[in-house]
Amino acid sequence: MGSPSSERNSTMIDTSEGLKSDQEVVEELTKDLESWCIRIDESSGSNDNTKSRINSCEPVEPNSDDDNDINSKTEGARDANFPKDFVDEESLKDREVTLSESEKQALKSEAEKLKNDGNDLFRTGEYAQAVSMYTQGIQTCPLACAKERSILYANRAAAKWKCLDKESAISDCTKAIEINSCYAKAYVRRARLYEETEKLDEALEDFKKVLTFDPAHTEANYAVRRLPPLIHERNEKLKVEMLGKLKDLGNMVLKPFGLSTNNFQLQNDPNSGGYSVKFHQKPT
């Protein structure tokens, strides 16, 4: 008969012989549950809903609301860099790789209908809705239909102009011209927008371009005579403003020395066309 101490030793778990410790047993029993729980990086924190699911070990579906929130935030961050009417032409290129000719024709017909719907909205003064309709048309129309796409962009520019979104309207006119470089109406529309946004040089160049397509174009002929004096007047005004600012700066620098810009006089050399500076101690 063994001693009491030897009997007690015989009932203890001997981990040295390959038997598992309490911690290992618990880990083995719970490892299958881990796949049903949400793992959260401690450094990123969590919201209350996530914490409650962790505490209850609620299974997480592949398309859970949290996943959708994350995806929508990611999409939102990416889309924040683009206007709401942005058309991803790279995606359209990918789409058209798999389209048959009959499918392209069907899309072209659908885009034509969207354009006509946009025109109807434009005529009734629903300009924002017209912008949306033209955008759908642009997204639908096959890239190979260059003429149709350029018209959609130019029409959307007209609707944006009515919405006073002039810079975006200019961008749409530019896109229409990129697609169809001979689209005179897009040049005229952009020229008018340029003039309204005080980009007179650009407006003049567009009106000159129109005359290469239609030398008898009344508005363009008038514009190429009307705009140069306005551009000259603007440039002279800007020159006076710039010289005034330079004079103020010069007076500020010279003041500590008891001088001003009146002590210096610019004289034009008719032979060289350059200028010389003469200093006067006591300016008149």
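No lab work stands behind these numbers, since they all come straight from the coordinates. If you're wondering where the values come from, they're calculated on a predicted model, not measured in any experiment. Every residue, glycine among them, receives a Cβ derived from its backbone with ideal geometry; neighbour counts consider all protein chains shown.
Taking the numbered list (1) hydroxyl-bearing (Ser, Thr, Tyr); (2) surrounded by 13 or more Cβ atoms within 10 Å (Cβ to Cβ); (3) over 26 Å from the mean Cα position of the chain (by Cα) in turn, residue 197 passes all entries but (3). Looking at the structure I just gave you, is residue 205 in contact with a Lys or Arg (Cβ under 9 Å, 6 or more places away or on another chain), surrounded by fewer than 19 Cβ atoms within 10 Å (Cβ to Cβ) and either without any contact (Cβ under 8 Å) to a residue 40 or more places away in the chain or in a helix (DSSP H, G or I) (or both)? The answer is no for residue 205. Residues in the range 105-131 that are aliphatic (A, V, I, L, M) and either within 17 Å of residue 142 (Cα to Cα) or not in a helix (DSSP H, G or I) (or both): 106, 107, 111, 114. Taking residue 254 as the residue in question, decide whether it is of a type in the set (A, V, I, L, M, F, W, C) and either touching a helix residue (DSSP H, G or I) at 6+ places or on another chain (Cβ under 8 Å) or exposed (fewer than 13 other Cβ atoms within 10 Å of the Cβ) (or both). Against the criterion (of a type in the set (A, V, I, L, M, F, W, C) and either touching a helix residue (DSSP H, G or I) at 6+ places or on another chain (Cβ under 8 Å) or exposed (fewer than 13 other Cβ atoms within 10 Å of the Cβ) (or both)), residue 254 qualifies. Of all residues being within 22 Å of the chain's Cα centre (by Cα) and surrounded by 19 or more Cβ atoms within 10 Å (Cβ to Cβ) in the range 140-150, which is farthest from residue 184 (Cα to Cα)? Just the residue, please. Checked the range 140-150; the qualifying residue farthest from residue 184 (Cα to Cα) is 140. Summed over the range 153-178, residues that are surrounded by fewer than 16 Cβ atoms within 10 Å (Cβ to Cβ), aliphatic (A, V, I, L, M) and in contact with a helix residue (DSSP H, G or I) (Cβ under 8 Å, 6 or more places away or on another chain) total 0.
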